[in-house]
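Encoded as structure tokens, the structure appears first; notes follow it.
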Amino acid sequence: MRSPDGDHNKASRQSPALHSIVLDSPDYKLIGVDLGDVDALDSALAAAAITWDCPTLLLAEVVLCYMDPARSTDVIGWSARRFPRSRFVLYEQFSPDDAFGQVMVAHFKALNSALRSVSVYPRLQDQQQRFLHAGWQQCRVLDMNEFSMSCVTESEKLRIDTLEPFDEFEELHLKCSHYFISVASQGDLADPPALRPLSGITGFAVSPAPTTRGAVLARRLSPADLGVRRFGHRSCLVSSRLIVTTGGFGEENGKHQRLRETHLLVQEPEAWSWRGSASQWDGRLLHSLTPLSNGCVLVLGGRFSPTRPAADAQILMYDQVTGAVTITRRDLQPALRRWRHTATEVSLCGHFYVFVFGGRSTESPTPPAAAFLHTEDFSWAQVPVAGPAPLGCHSHSSCAWEGGAVLSGGLLGSGAPSGSITFLKAAPSHFSWEPLDTTPPLTPRYSHSSHVIDNKLLLVGGVWIHARGVPGLTIVDLLTGHVSEYQISTTLLEWPLMLHGHSSVLLPDQRLVVVGGGGSCFSFGTHLNPQPVVLELPCEALL
């Protein structure tokens, strides 16, 4: 806003509205006025001798959302009338209805700062129409993931990436998918339009929101309070009635910390129960947990912090008689030193290997794509793989199928989630890479889990960078590529169900158990699923 000259300033001091001026200088004026009173706002600015037709920027950074929606819309309409050559930049929250949105809304309500407009204008198009109906000529709206992808240069992204170690991708993308920036324009400032993609940046392909076939019911695994809240852990089935869970970050004994105890989820005759193990976990998270054909469970990689990876392997053994879990450390040469990777047992020519793909490391955000560990002596092996390998990624999922593996999703080096499915397919003398074309196209995702029943791939949860299509349960026919999407119904739960940072286990009776999930958001604190849940799979999709 343009400041008046000295003589005009002296004359304007006769106005009572000047009581609103908190700071008055030749180049800057600070005005304190109730935005809910448009007449008072207009008078205060007029008393400060503002030049209404001067090119003007109006910036509201998380301001209007705390106002009564009718009054904040009055401000938008008033500014359209009073500033004929202007741009109005708005940054605030939207999308209150999914799990992350519910946590967001509850957080601000608990602070006695309720988001009063987010339910009235829950979608991006609602915010856009709000400005257009109030008299603005143009309005463009992007969520903050779209803004980062299309309006921030690659050099700036690289600079930000080098500021400090970072590994909270899920919370960053979820938060950015619930905040937007809009720019409304008037007069000669409406051409060219704002928020245009930078030259040379094409952004990313925006997949349409998935069309769901129905809902999958989620319910608590047991009436009892089972286990600790956690994320970044791993779980697997070690017998038909027992799930072992290792590592992660969560709540234990009233504290949030890296967890240092191996936990067992046991199916008793009447109900499921948690049981701790005497085996001390070393505190790593984002590792892999791979059941092997010889009956043991292999732990690979993980990290203690974004600058301190876990180098060694561990062998977990469960004693069916005593119920004890023993952990044995094994050195690897060279050490793996990666996390957010996958490790899947595969077989070729009568030999078993653990196929390691992707992940992150201190040297590279996407380490070399594939490695094979021989399960007999835990030595790295050279295994032939034909065909072009998929792009390096992390936070993807992998599961065994027909001697090979099925890779799905992941976060690519570009920062965009992947919507691909790729087979590591076993041939008589080698493996080969074979991509699967899906119909309709698979919604990109990462931080999900996966399982195979017969020839059907089950994808559980994950993070997509748009709030309008949070992944639920996806079933992919591995023979035809047909994709069926299902929402997760949480009507039987008393809390928002977070389906990222979780682990899931497929039981022999074809039920899915989801253990843990959630995360720590910089703005909204920590939300962790308090109990394991069971997903009842749709029978018609598995036939």
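The values are calculated or read from the model by the stated rules, or taken from the named source; none is laboratory data. Not measured: the values here are computed from a predicted model. Virtual Cβ from ideal backbone geometry, glycine too; neighbours counted across all protein chains shown. For the accessible areas, the whole protein counts, side chains as well, though only heavy atoms, and no ligand, DNA or RNA atoms are used. Shrake-Rupley method; radii C 1.70, N 1.55, O 1.52, S 1.80 Å.
Checking the a/c ratio against 1.5 first, then a/b against b/c, what shape does the Cα gyration tensor give for segment 455-543?
Taking the square roots of the gyration eigenvalues as a ≥ b ≥ c, segment 455-543 is prolate.
In nm, give the distance between the simple-model label positions of Trp52 and Gln280, each being 7 Å from the Cα along the Cα-to-Cβ direction.
About 7.5 nm separates the two model spin labels.
Between Ala311 and Asp454, what is the label-point separation in nm under the 7 Å Cα-to-beta-carbon projection?
The two pseudo-label positions are separated by 4.9 nm.
Considering only protein heavy atoms, what is the solvent-accessible area of Ser182 at a probe of 1.4 Å, reported in Å² to the nearest 10?
That residue has around 0 Å² of solvent-accessible surface.
Any idea what the relative contact order of segment 57-124 is, in percent, if you count C-alpha pairs under 8 Å spaced at least 6 apart?
Values: 67 pairs, mean separation 30.0, N = 68.
Contact order relative to length: 44 percent.
How big is the dipole moment of the chain about its Cα centre under a simple scheme where the beta carbon of each Lys and Arg is +1, that of each Asp and Glu is -1, and everything else is neutral? Debye, nearest 20, please.
Charge dipole, the chain, about its Cα centre: 340 debye, nearest 20.
Past 27 Å, Cα to Cα: identify those pairs from Lys425/Lys456; Lys157/Lys255; Lys175/Lys425, in the order given.
The pairs that break the limit, which is 27 Å between Cα atoms, are Lys157/Lys255; Lys175/Lys425.
Across segment 432-449, in residue order, what do the Karplus-derived ³J(HN,Hα) couplings come to in whole Hz, using 6.51 cos²θ - 1.76 cosθ + 1.60 with θ = phi - 60° and x for Gly and Pro?
Per-residue couplings from phi come out as 9, 8, 9, x, 10, 7, 10, 9, x, x, 5, 5, x, 6, 8, 6, 10, 10 Hz.
Kindly express, to the nearest 10 degrees and within the range 0 to 90, the angle between helix 99-110's C-alpha long axis and the longest C-alpha principal axis of the chain.
That helix lies at roughly 50 degrees to the long axis.
Hey, what angle do you get for helix 38-47 against the long axis of the chain, alpha-carbon based, 0 to 90 degrees rounded to 10?
60 degrees
Suppose the chain between Ser347 and Glu261 were pulled fully straight at 0.36 nm per residue; how much longer would it get relative to their current alpha carbon spacing?
So the chain would gain 27.8 nm between Ser347 and Glu261.
Relative to the longest principal Cα axis of the chain, at what angle does helix 124-133 sit, 0 to 90 degrees, rounded to 10?
Once rounded, one gets 10 degrees.
In terms of modelled amide H atoms, which long-range or inter-chain residues lie less than 5 Å from the amide H of Ser277?
The answer is Thr262, Leu264.
Would you work out the relative contact order for the chain, in percent, from Cα pairs under 8 angstrom that are 6 or more residues apart?
Working: 1257 pairs, mean separation 64.0, N = 543.
After rounding, I find 12 percent.
Per-residue accessible area for Arg234 at 1.4 Å probe radius, Å² rounded to 10?
About 60 Å², rounded to the nearest 10.
Taking only protein heavy atoms into account and a 1.4 Å probe, give the accessible area per residue of the chain in Å².
45 Å²
Show me 26-37, 299-310 ranked by packing, highest mean number of other Cβ atoms within 10 Å first. Please report the intermediate quantities before stating the final value.
Details: 26-37: 13.3, 299-310: 20.2.
Those peptides, ordered most packed to least, come out 299-310, 26-37.
Hey, can you grab everything whose amide H is under 5 Å from the amide H of Gly472? Only 5+ residues off in sequence or another chain; H modelled, so Pro and N-termini drop out.
Gly461, Tyr486
Excluding residues on the same chain fewer than 8 positions from Lys29, give the aspartates and glutamates whose Cα lies under 14 Å from its Cα.
Result set, ordered by chain and number: Asp5.
Using a 1.4 Å probe over the heavy atoms of the protein chains, calculate the carbon and sulfur portion of the accessible area of the chain as a whole percent. Can you show the working numbers first?
Details: 12590 of 24180 Å².
The C+S portion of the solvent-accessible surface of the chain is 52 percent.
What relative contact order, as a whole-number percentage, does segment 231-289 give when Cα pairs under 8 Å and 6 or more residues apart are counted?
Reported as a whole number, the value is 34 percent.
Provide the per-residue ³J(HN,Hα) series for segment 452-463, in order, calculated from phi with Karplus coefficients 6.51, -1.76, 1.60 and θ = phi - 60°, each as a whole number of Hz, with x at glycine and proline positions.
Couplings: 10, 10, 6, 10, 10, 9, 9, 10, 10, x, x, 10 Hz.
Straight-line reach from Lys109: which aspartates and glutamates fall under 17 Å, measuring Cα to Cα and dropping same-chain residues less than 8 apart?
Reachable aspartates and glutamates: Asp68, Glu92, Asp97, Asp98.
Shape verdict for segment 241-353, please, from the Cα gyration tensor: rounded (a/c under 1.5), prolate (a/b greater than b/c) or oblate.
It is oblate, given that a/c is not under 1.5 and a/b is not larger than b/c.
Skipping prolines and chain starts, which residues have an amide H placed within reach, meaning under 5 Å, of the one on Asp68, given they are 5 or more residues away or on another chain?
For Asp68, whose amide H was placed from the backbone, there are no distant partners under 5 Å.
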